[in-house]
Amino acid sequence: HYPLRLFGTGLFVDQAGEPVAMRSRKQLGLLAYLVCEHQVCHSRDTLMLLLWPDSSKESAQNNLRFTLSQLRLLGEKSAKQGSTLGEMLHTDRHTVQIDPAWVLQADVNRFQQL
């Protein structure tokens, strides 16, 4: 059972296998990007340009901050349901990276391993 199912339409499922609502396609897109490009830390500026290329810097910063917050909550919710996974994201003022344990929870990475 892989909670991060990125093949197809993409979704996150809880411990019972039920889909968890994502606030936006950008949230799912950011999660998919961080999972698939997990080998490096990503600059916040790069992520803002990738997801909100036509927004002002201030608007893009707010959108990224909010989206990262929502992903953290998703990870915390999963942990409360009995998952042994730790925090989903490692962030600082300049970079973002998904935790390696979460990478292993994605179907696309399991597929690449096989």
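The values are calculated or read from the model by the stated rules, or taken from the named source; none is laboratory data. In this text the structure is predicted, and so the values were computed from the model without any measurement. Don't worry about glycine lacking a Cβ; one is built from the backbone with ideal geometry, like all the others, and counts go over all protein chains shown. Surface accessibility is based on the protein's heavy atoms, side chains included, excluding ligands, DNA and RNA. Shrake-Rupley method; radii C 1.70, N 1.55, O 1.52, S 1.80 Å.
Values for this structure:
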| read-out | value |
| --- | --- |
| Which listed residue, of K77, K57, K26, is over 16 Å from P3 (Cα atoms) and within 15 Å of the chain's Cα centre (by Cα) | K26 |
| So E58, is it at pLDDT 95 or above and either open to solvent by less than 70 Å² (accessible area, probe 1.4 Å) or of a type outside the set (A, V, I, L, M, F, W, C) (or both) | yes |
| Residues of the range 10-32 classified as buried (at least 17 other Cβ atoms within 10 Å of the Cβ) and within 18 Å of N63 (Cα to Cα), total | 6 |
